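The values are calculated or read from the model by the stated rules, or taken from the named source; none is laboratory data. Being a predicted model, the structure only gives us computed values, none of them experimental. Heads up, the Cβs are rebuilt from the backbone with ideal geometry, glycines too, and the neighbour counts pull from every protein chain shown.
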């Protein structure tokens with residue numbers, strides 16, 4: 001098959017500015033090529049990346065995009081010129097995968113391939129406009145339920161296929177060989193619950209956290225999807241004199257460095273408050289592939305990936321901060337079971353390798369391509 005992947009206007013591929021969607025499709029494109037398919041990947045040109053190159057057999061083409069802004073309406077407007085530039089370089093294909101807002105509305109239904117929409121964000125009413133799309137693919141069952149509420153012709157249009165772990169799973173580093181660290185790795189943004197995490201950590205009894213450290217890593221700049229300098233300063237002020245037990249670090253985008261961070265943590269925490277923002281939780285899954293014990297907030301999207309018998313979920317309530325404190329404290333105090341929890345998370349992650357997930361996509365593409373319209 002000929003497969004085109006059209007990424008959004010705001011982040012580059014490879015994901016040198018972060019982005020779970022960009023990271024996932026970069027890995028999937030290479031996996032499709034390894035199976036003998038011809039893949040073209042279109043994304044934003046920036047940060048010194050060439051306008052055209054081959055990576056892992058994938059033909060990457062890059063065009064001028066824009067930095068992201070907070071205003072959602074302006075964001076969509078800024079994407080429009082990018083879509084027209086992309087259309088000028090598109091070639092006929094069997095499938096065109098896209099997470100762009102405008103493409104499913106403005107592209108012909110068949111000219112560049114059957115339109116396969118990756119719904120990488122929680123739907124907000126736009127899907128009713130995507131009548132040309134042959135498939136609406138979502139990464140979790142919770143998002144599928146939200147999508148089906150927005151569209152009339154549900155049968156055969158919605159596919160649930162998860163994100164893959166974007167690297168080969170390595171041997172498990174035993175918990176006893178790791179420092180006593182709890183890690184948050186993700187966007188530094190109010191909807192991610194980072195400030196609540198800092199406050200909750202400071203309230204835990206010092207006898208429990210003795211010898212432990214919390215590391216918070218991620219992009220904070222608004223054009224990288226973060227909450228901006230003001231929010232970062234709020235977090236720094238909240239940390240205050242606790243710098244010996246709480247580290248706020250600059251973002252990391254290099255894969256080898258990211259993996260080292262996961263391998264150096266015993267517990268991974270993702271206290272997101274974005275009920276209509278989270279669709280999967282790729283960083284949680286990545287941490288599990290490195291043997292971290294996951295703690296997450298009570299969002300539907302996490303149900304698909306959390307390991308049985310090692311599932312630590314913080315209820316989303318008016319007392320979220322206290323619930324977060326209690327959950328962290330409970331997990332730390334179960335130190336004798338940390339290796340068991342780590343192994344369960346690690347084994348669960350093996351269901352999400354690039355090869356396994358790519359196979360699901362290719363089967364879906366084939367079914368769509370062979371269907372009678």
Practice problem: Report, by residue number, each residue of region 233-260 that is assigned to a helix (DSSP H, G or I) and in contact with a helix residue (DSSP H, G or I) (Cβ under 9 Å, 6 or more places away or on another chain). | Solution: 234, 235, 238, 239, 255, 258, 259
Quiz prompt | Pairs, first free of Cβ contacts under 8 Å to residues at least 12 places away in the same chain in region 308-329, second surrounded by 15 or more Cβ atoms within 10 Å (Cβ to Cβ) and in a helix (DSSP H, G or I), C-beta under 7 Å, six or more apart | solution = 317/323
Self-check item: Where residue 24 falls short, out of the listed (1) more than 25 Å from residue 221 (Cα to Cα); (2) within 23 Å of the chain's Cα centre (by Cα)
Solution: (1)
Quiz item: Going by the structure shown, is residue 63 in contact with a helix residue (DSSP H, G or I) (Cβ under 7 Å, 6 or more places away or on another chain) and modelled with pLDDT of 95 or more?
Solution: yes
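Whether any residue in region 285-294 is farther than 17 Å from residue 185 by Cβ and not assigned by TED's automatic domain parsing to the domain that holds residue 116 is what I want to check.
No, every residue in region 285-294 fails to be farther than 17 Å from residue 185 by Cβ and not assigned by TED's automatic domain parsing to the domain that holds residue 116.
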Quiz item: Before we move on, is residue 36 in contact (Cβ under 8 Å) with a residue 24 or more places away in the chain, surrounded by fewer than 21 Cβ atoms within 10 Å (Cβ to Cβ) and not assigned by TED's automatic domain parsing to the domain that holds residue 229?
Solution: no
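Could you say whether any residue in region 51-58 is part of a strand (DSSP E or B) and touching a helix residue (DSSP H, G or I) at 6+ places or on another chain (Cβ under 8 Å)?
Restricting attention to region 51-58, the residues satisfying the condition of being part of a strand (DSSP E or B) are 52-55, 58.
Then drop every residue that is not touching a helix residue (DSSP H, G or I) at 6+ places or on another chain (Cβ under 8 Å), which leaves 55, 58.
Scanning region 51-58, I find at least one residue that is part of a strand (DSSP E or B) and touching a helix residue (DSSP H, G or I) at 6+ places or on another chain (Cβ under 8 Å), so the answer is yes.
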Practice problem: Could you tell me which of the residues 267, 258 is over 15 Å from the mean Cα position of the chain (by Cα) and either under 19 Å from residue 353 (Cα atoms) or modelled with pLDDT of 95 or more (or both)? | Solution: 267
Quiz item: Which members of region 146-183 meet the condition of being exposed (fewer than 15 other Cβ atoms within 10 Å of the Cβ), without any contact (Cβ under 8 Å) to a residue 40 or more places away in the chain and not in a loop (DSSP other than H, G, I, E, B)?
Solution: 149, 177
